[in-house]
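Just so it is clear, none of the values below were taken in a lab; they were calculated from the coordinates. Here the structure is a predicted model, which is why all the values come from computation and not from measurement. Cβ placement follows ideal geometry from the backbone for every residue including glycine, while neighbour counts extend to all protein chains displayed.
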Amino acid sequence: MKIKLNAVEFDVLAVPRALRTAIVQQPSIRPGTLREVYTHTRAEGGKIVGPASPQSEALLPNGVSFFIPKPGVTPVEIAEGPSRKMSERFVEAIGARDMREVQDAIYRLFGSSRRALPLKEFAALNGACDWRMLMGTDFAVVHLSASARNLSAYVVLPAQVGFIATVTEEGEGLAAVQAQHPNLLNSRPGFIIPPLSEPAQTARRIALEQRVRELANELDGRTPAELAPDDPRQSEAQRLSIEWAALFPRNGQQPAQRQSANVN
């Protein structure tokens with residue numbers, strides 16, 4: 001796939017696992033992988049934490065990263081100077097005044113996702129304790145490359161989200177709630193984030209195909225069911241399988257927003 005940012009054309013390419021991991025761990029991206037999105041106290045009730053829509057949905061921002069790896073270094077590390085220089089060249093090349101205009105261009109192409117919080121799933125906690133909801137986000141990462149102009153950037157798109165409740169202050173009724181709902185605090189409802197534009201859908205598919213291919217190579221002919229019960233690749237395979245069904249629907253159906261496995 002090719003896209004244009006202003007007049008500059010970029011190839012949209014897959015990103016290998018090691019590089020994807022390093023990009024997601026960058027300070028500008030990492031806070032989005034797990035963040036507090038809701039708090040509820042018995043005294044004050046509930047409130048959303050962080051960016052939210054007028055409909056009280058958590059906003060799921062896209063990210064842009066300029067990441068030039070240090071040559072020959074494992075695990076992958078960023079070369080700060082070259083990466084900073086790349087960001088400056090990128091802004092200038094596409095005719096943007098600053099990074100905010102770059103981000104605005106990314107949003108116009110890929111959309112701005114949001115997700116309603118699963119408050120009903122944890123409503124039994126409201127009168128029994130003070131609690132908070134954390135949201136974990138699994139990101140799709142693609143590489144924007146204009147090789148003829150030596151321009152490179154990485155776009156980070158929310159792909160799946162999962163939620164968990166944690167108790168911040170116990171109340172007298174908590175034990176009774178836990179007895180009635182023994183798995184409540186272990187529940188991790190998860191959801192696929194639907195792509196909001198054709199470029200977003202294609203980019204998500206490119207990223208997903210790469211992850212599925214790498215996981216299959218790593219399993220070397222084994223199925224996820226043959227792995228140890230605590231092997232994280234079991235849940236990864238399940239999540240990727242559900243996302244695949246959402247992004248590559250059969251019979252020409254449109255991609256749907258469907259519930260996923262836990263996002264840890």
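As a test of the formula, what do you get for the chain when each DSSP H run with n ≥ 4 contributes -39,500 (n - 2.57) and the sum is divided by the residue count, at 222 nm and rounded to the nearest 500 deg cm²/dmol?
-9500 deg cm²/dmol
Could you state the number of Å between the C-alpha centres of segment 121-181 and segment 6-23?
25
Starting from segment 1-109, pick out the GluC sites (Glu not before Pro) whose DSSP state is loop and whose Cβ has at most 12 other Cβ atoms within 10 Å.
Passing both the DSSP loop test and the Cβ count: Glu44, Glu77.
Only one of the listed values, (i) 35, 23, 18; (ii) 25, 23, 18; (iii) 28, 24, 23, was derived from the coordinates as semi-axes √(5λ) of the Cα gyration tensor in Å; which label is it?
Recomputing semi-axes √(5λ) of the Cα gyration tensor in Å here picks out (i).
Residue separation times 0.36 nm, minus the C-alpha to C-alpha distance between Glu92 and Thr223: what's the value?
Taking 0.36 nm per residue and subtracting the Cα distance, the gain is 42.4 nm.
Evaluate the charge dipole of segment 2-260 about its Cα centre and quote only its size in Debye, nearest 20, assuming +1 on the Cβ of each Lys and Arg and -1 on the Cβ of each Asp and Glu.
Charge dipole of segment 2-260: 700 debye, to the nearest 20.
Once phi is turned into θ = phi - 60°, what whole-Hz ³J(HN,Hα) does the Karplus curve with 6.51, -1.76 and 1.60 give for every residue of segment 148-163, x standing for Gly and Pro?
Values, residue by residue: 5, 10, 6, 10, 8, 8, 10, 9, 10, 10, x, 10, 9, 10, x, 10 Hz.
Setting aside same-chain residues fewer than 8 positions from Lys2, which lysines have a Cα under 28 Å from its Cα?
Lys70, Lys85
Among Gly190, Leu109, Ser235, whose Cα lies farthest out toward the positive end of the dipole of segment 2-260, if unit charges sit on the beta carbon of Lys, Arg (+1) and Asp, Glu (-1)?
The listed residue farthest towards the positive side: Leu109.
Please list, or write none, the lysines whose alpha carbon is within less than 30 Å of the alpha carbon of Lys120, excluding same-chain residues fewer than 8 places away.
Lys47
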